[in-house]
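As structure tokens, the structure follows; a few thoughts come after it.
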There are 2 protein chains.
Amino acid sequence: MSTPDRLIESTRELLWERGYVGTSPRAIQQRAGAGQGSMYHHFSGKPDLALAAIGRTAGEMRAGVEEILSGPGTAAERVSAYLRREREVLRGCPIGRLTQDPEVMADPMLRGPVEETFAWLRDRLAAVLAEGRERGETGAGLDPAATASAVVAVLQGGYVLARAAASPEPFHQAVDGLLALLSRS
Amino acid sequence: MSTPDRLIESTRELLWERGYVGTSPRAIQQRAGAGQGSMYHHFSGKPDLALAAIGRTAGEMRAGVEEILSGPGTAAERVSAYLRREREVLRGCPIGRLTQDPEVMADPMLRGPVEETFAWLRDRLAAVLAEGRERGETGAGLDPAATASAVVAVLQGGYVLARAAASPEPFHQAVDGLLALLSRS
């Protein structure tokens with residue numbers, strides 16, 4: 001990996017583990033095995049590096065979600081596949097956790113990709129649910145946008161419950177609860 | 001307010017605003033208008049103060065939830081009242097946000113009240129839903145524990161979506177989506 005790549009990857013890991021406020025430029029340099037001069041040669045500072053790191057994480061997340069949602073199956077099956085795909089539940093969501101970072105939320109440049117990622121995700125899920133409604137599948141009477149927001153919220157909240165319990169169990173329970181509701185609607 | 005009370009209240013505010021990692025003993029002292037000697041006279045350090053602050057926040061939260069859930073109405077009405085009660089959506093949940101704090105999660109003493117609060121909340125909601133099931137209300141075929149976890153997850157995830165969007169709208173949309181699903185089950 002090139003030095004800028006190592007710096008970006010180290011920033012991604014640290015943002016996920018410790019958040020933005022808890023990540024110092026020095027910790028990034030140490031993890032990347034890069035000197036201070038090298039870091040400031042490639043990036044103007046921590047915000048610039050964080051932006052690159054968040055952009056890369058958001059891009060990977062979108063690609064993974066799109067692969068599932070554009071796959072075969074009914075709308076309910078695709079939403080279920082999305083909710084049930086393998087996850088490192090206890091690590092939480094690398095994008096969602098940024099919303100708890102006051103400095104990320106206060107900086108429009110850093111909040112931008114977080115907002116865009118969730119807006120895209122809600123829209124994409126709403127489109128899948130609207131497709132299912134047109135085909136007369138389950139949930140034909142539901143508002144696709146509201147249901148999509150509930151789906152994304154259950155995932156993000158499931159991570160919170162799992163971390164609180166130090167166990168993935170409440171995450172899976174919340175997903176089961178939502179899917180049972182969806183299958184009956 | 002007494003000095004210990006001012007220190008606890010300042011810690012509560014700072015934990016909510018900036019998290020544990022982002023809150024220094026110095027910032028607590030400044031906000032409380034207390035000196036370092038005074039703080040260490042009353043508390044052994046930041047973890048001790050945080051424990052008192054988290055305990056107080058958790059106690060208030062439980063009392064507020066209990067008031068709604070033990071009130072009148074069907075199970076669905078009480079769950080709806082709980083989800084729709086007025087909230088400072090953009091500030092997020094003072095307990096839930098602690099799950100994103102690596103130092104809180106790594107310290108069993110500090111994670112304890114976070115775990116207990118969510119376990120209590122899920123159990124309490126499950127009991128309300130089980131009551132509704134026995135009375136033959138809506139959702140009679142649902143698993144109360146799974147549905148309760150989905151309800152708590154939608155709230156916690158709704159805060160994440162609202163903060164990402166810098167608007168309470170996605171929070172309310174997720175709540176609407178879940179309540180529509182519940183009312184059809």
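The values are calculated or read from the model by the stated rules, or taken from the named source; none is laboratory data. Treat the numbers as computed from the prediction; the structure is a model and nothing was measured. Every residue, glycine as well, gets a Cβ built from its backbone with ideal geometry; the counts of neighbours run over all protein chains shown. Only protein heavy atoms, including side chains, enter the accessible area calculation; ligands, DNA and RNA are left aside. Shrake-Rupley method; radii C 1.70, N 1.55, O 1.52, S 1.80 Å.
Of the whole protein surface, B:Ile68 contributes about 40 Å² of accessible area at a 1.4 Å probe radius. The share of C-alpha pairs in the protein assembly as shown whose separation exceeds 30 Å stands at 41 percent.
Over all projection directions, the Cα-based convex hull of the range A:47-183 averages an area of 8.2 nm².
Between the range A:111-149 and the range A:1-66, how far is it from one alpha carbon centroid to the other, in angstrom? Centre-to-centre distance over Cα atoms comes out at 31 Å. For the range B:53-183, the fraction of 1.4 Å probe accessible surface lying on carbon and sulfur atoms is 52 percent. Other residues lying with their Cβ under 13 Å from the Cβ of A:Arg6 contribute a combined charge of 0, Lys and Arg counting +1, Asp and Glu -1. Charged neighbours of A:Glu66, selected by a Cβ distance under 13 Å, balance to +1 (K, R count +1; D, E count -1).
Hydrophobic long helices, here whole DSSP H runs in chain A with Kyte-Doolittle means of at least -0.5 and Cα atoms spread over 15 Å or more along the helix axis, are found at A:46-69, A:108-134, A:144-165, A:169-183. All alpha carbon pair distances within the range A:26-92 were sorted into 10 Å bins beginning at 0; the resulting P(r) in whole percents reads 17, 32, 23, 17, 10, 0.
Taking amide H as placed 1.01 Å from N in the peptide plane, the amide H of B:Gly19 sits under 5 Å from none that are at least 5 places away or on another chain. Normalised by the number of residues in the range B:53-183, the mean separation of alpha-carbon contacts (under 8 Å, six or more apart) gives a relative contact order of 28 percent.
Mean-square fluctuations from a GNM of chain B, with a 10 angstrom spring cutoff on Cα atoms, peak among B:Gly37, B:Gly71, B:Gly55 at B:Gly37. Between chain B and chain A, the total buried accessible area stands at approximately 4000 Å², from heavy atoms with a 1.4 Å probe.
Across the range B:33-41, computed HN-Hα scalar couplings (Karplus, 6.51 cos²θ - 1.76 cosθ + 1.60, θ = phi - 60°) run x, 10, x, 4, x, 5, 4, 6, 6 Hz from first to last residue, x flagging Gly and Pro.
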